[in-house]
1. Name the residue that is nearest to Gly443 (Cα to Cα), counting only residues in region 375-390 that are within 16 Å of ligand 2 (Cβ to nearest atom) and not in a loop (DSSP other than H, G, I, E, B).
2. Out of Gly302, Gly232, Gly254, Gly293, report the one residue that is small (Gly, Ala, Ser), within 16 Å of ligand 1 (Cβ to nearest atom), assigned by TED's automatic domain parsing to the domain that holds Ser211 and farther than 16 Å from Ala364 by Cα.
3. Consider Lys83 against the criteria (1) within 22 Å of Thr131 (Cα to Cα); (2) crowded, with 20+ Cβ neighbours inside 10 Å: it satisfies all of them except one. Which criterion is unmet?
4. Test Lys473 against the criterion of being surrounded by fewer than 24 Cβ atoms within 10 Å (Cβ to Cβ) and in contact with an Asp or Glu (Cβ under 7 Å, 6 or more places away or on another chain), and give yes or no.
5. Output the residues belonging to region 277-297 that are open to solvent by 10 Å² or more (accessible area, probe 1.4 Å), within 10 Å of ligand 2 (Cβ to nearest atom) and within 14 Å of Asp470 (Cβ to Cβ).
6. I need the full set of residues from region 241-276 which are open to solvent by 10 Å² or more (accessible area, probe 1.4 Å), more than 20 Å from Ala206 (Cβ to Cβ) and either within 16 Å of ligand 3 (Cβ to nearest atom) or in a strand (DSSP E or B) (or both), in order please.
7. Which of the residues spanning region 354-382 are surrounded by fewer than 24 Cβ atoms within 10 Å (Cβ to Cβ) and within 15 Å of ligand 3 (Cβ to nearest atom)?
8. Kindly provide the set of residues from region 447-467 that are open to solvent by less than 10 Å² (accessible area, probe 1.4 Å) and more than 15 Å from ligand 3 (Cβ to nearest atom), ordered by number.
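The values are calculated or read from the model by the stated rules, or taken from the named source; none is laboratory data. It should be emphasised that the depicted structure is a prediction, and the values quoted were computed from it without experimental measurement. Quick reminder, even Gly has a Cβ in these numbers, built from the backbone with ideal geometry, and neighbours come from all protein chains shown. Areas reflect the complete protein model, heavy atoms only, side chains present, ligands, DNA and RNA absent. Shrake-Rupley method; radii C 1.70, N 1.55, O 1.52, S 1.80 Å.
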Amino acid sequence: MIIKTSSENLTEIKTDAIILYHFQGHKKLEDNASAVDNAMERAISGLMKSGEITGKYNERTVLHSLGRLPAGRVIILGLGKKKELTAEKLRGAMAETCRRLRDRAVKTIVCSTGKRGIAGIDTAAAAQAITEGTILGLYTFRRYQTDKKEPSKFIDGIVITGNPAGASDREKGAATGSITAEASNWARDLVNEPGNHMTPARMAEAAKELSSRCHLDIQVLEREEMASLGMGALLGVAQGSLQPPKLIILNYKGRDSDKIDVALVGKGITFDSGGISLKPSEKMSDMKGDMAGGAAVMAAIGAISQLNVNINVAALVPATENMPGGGALKPGDILTAMNGKTIEVLNTDAEGRLILADALCYAARIKPGAIVDVATLTGACHVALGDFCSGAFSNDGRLSAMMSDAGEETGEHMWRMPMFNEYRDLLKSENADIKNIGNRWGGAITAAKFLESFVGETHWIHLDIAGTSDTEKERGYLVKGATGVPVRTLIKFLQSISR
Ligand code: BES
Ligand code: ZN
Ligand code: ZN
């Protein structure tokens, strides 16, 4: 998707469609849009007077210019009450509008950041939100639909114009938005890939491509190296699969110091059958997305490098399948993690925490300023918080506040969950140091308490994205399938840490 910025007048740009923003209860169009209305022989203000155009959020009115403007169409997009406009609402409205225009075979679109931004959103932030909304909203995944690979309808490009004085802000905002949204879409691609294609080896290849494109250091540890590091928990999960496991390690150095400021850790189960504690077959196919945390941390470190953020970051992705092969883990087996702790595996479907245990030990050993892990960890988190919010679990109130704040800016909600030690007691094992499941209740919390016991004293936050990593319904800039959550939030979070 090509996003260009410009300072041309809307009345002079040749394009298939111009999008004009309009607010509920306002009698006039915004800023420079009145010139368009004049060229259209005041058709727009006429419809506003007659009550057809109200400015209600997501209301769209399409007028054909029939030669009155170089642009073929004018779309008046309602953004609701001016005081209530947020970047998130702008992203959503742009996404839906661009999809509808694509349905009408529109190829080029122009919109504007106005005189000084849109409502309370300044020029740079508006350009970023418009860019993100369009890139995320127009995302499609049709690699395996051989008849639709070359879609007949697609948007060629978007031009964001506006006040010449805001040209450099507009350019910066659009450039940032392209990086963050393309990073989300990159993660979505990995998550939408089926399990037979997105194997641990293919994930490592994707990491290599990313590392050369974004100038990151990369290391991929093989089974033997994991064994010599003592990663018995990760290897335990991998032993039921024919696919060799990989531990992907990416490094970004954005400032002159050997200190790693943040270590990102992402769950990379490329398919979760449950193992010997086999999952029911209904919806088991969704478990091809059980590497969404891994994809997200890789996408985020790539974007941080493209944005030249002044911070040192490492990203670790333990990648393996969880399969019930002949060598598979059995309920009752006891594994030894990298830090020497023994784990009694009472349910082989609680595998995410096992592979994360070793990755977290590894991360803690490099003594980062903080660890952030991201995982499609528990169905319980989905039950607790629903589709619209990820769970945040932390031993540090400041980190957790920074992450929630970042999430409010990106629209990827995060809600802090409790970490009381009573839940830790549920993981006491009769045969080992810890067991990998608690009881029926509070499953997202017991999972987090399990992870906590592998980070030592390190400042740490765990994001459970089991409910948010994919969606069954199109919504705003989300399309059916992988959402890319929480790539943009991780980027925002790392940017705010760097300040
Ligand atoms: N990958 C699943 C969690 C999951 C479920 C993610 C649904 C996305 C959608 C995880 O490995 C798992 O199976 N967790 C178990 C834990 C239980 C056995 C303690 C669960 O949530 O049922
Ligand atoms: Zn599982
Ligand atoms: Zn899993």
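1. Per the criteria, the residue is Ala380.
2. Details: Gly302 fails: within 16 Å of ligand 1 (Cβ to nearest atom); Gly232 fails: within 16 Å of ligand 1 (Cβ to nearest atom); Gly254 fails: within 16 Å of ligand 1 (Cβ to nearest atom).
Testing whether each residue is small (Gly, Ala, Ser), within 16 Å of ligand 1 (Cβ to nearest atom), assigned by TED's automatic domain parsing to the domain that holds Ser211 and farther than 16 Å from Ala364 by Cα leaves just Gly293.
3. Checking Lys83 against (1) within 22 Å of Thr131 (Cα to Cα); (2) crowded, with 20+ Cβ neighbours inside 10 Å, the one that fails is (2).
4. Values: surrounded by fewer than 24 Cβ atoms within 10 Å (Cβ to Cβ): yes; in contact with an Asp or Glu (Cβ under 7 Å, 6 or more places away or on another chain): no.
Considered against the rule, which asks whether it is surrounded by fewer than 24 Cβ atoms within 10 Å (Cβ to Cβ) and in contact with an Asp or Glu (Cβ under 7 Å, 6 or more places away or on another chain), Lys473 comes out as no.
5. Across region 277-297, the qualifying residue is only Met287.
6. Lys253, Ile276 - these are the residues of region 241-276 that are open to solvent by 10 Å² or more (accessible area, probe 1.4 Å), more than 20 Å from Ala206 (Cβ to Cβ) and either within 16 Å of ligand 3 (Cβ to nearest atom) or in a strand (DSSP E or B) (or both).
7. Passing the criteria: Thr378, Gly379, Ala380, His382.
8. To start, the set of residues in region 447-467 that are open to solvent by less than 10 Å² (accessible area, probe 1.4 Å) comprises 447-451, 454-455, 460-465, 467.
Correct list: Lys449, Phe454, Val455, Trp460, Ile461.
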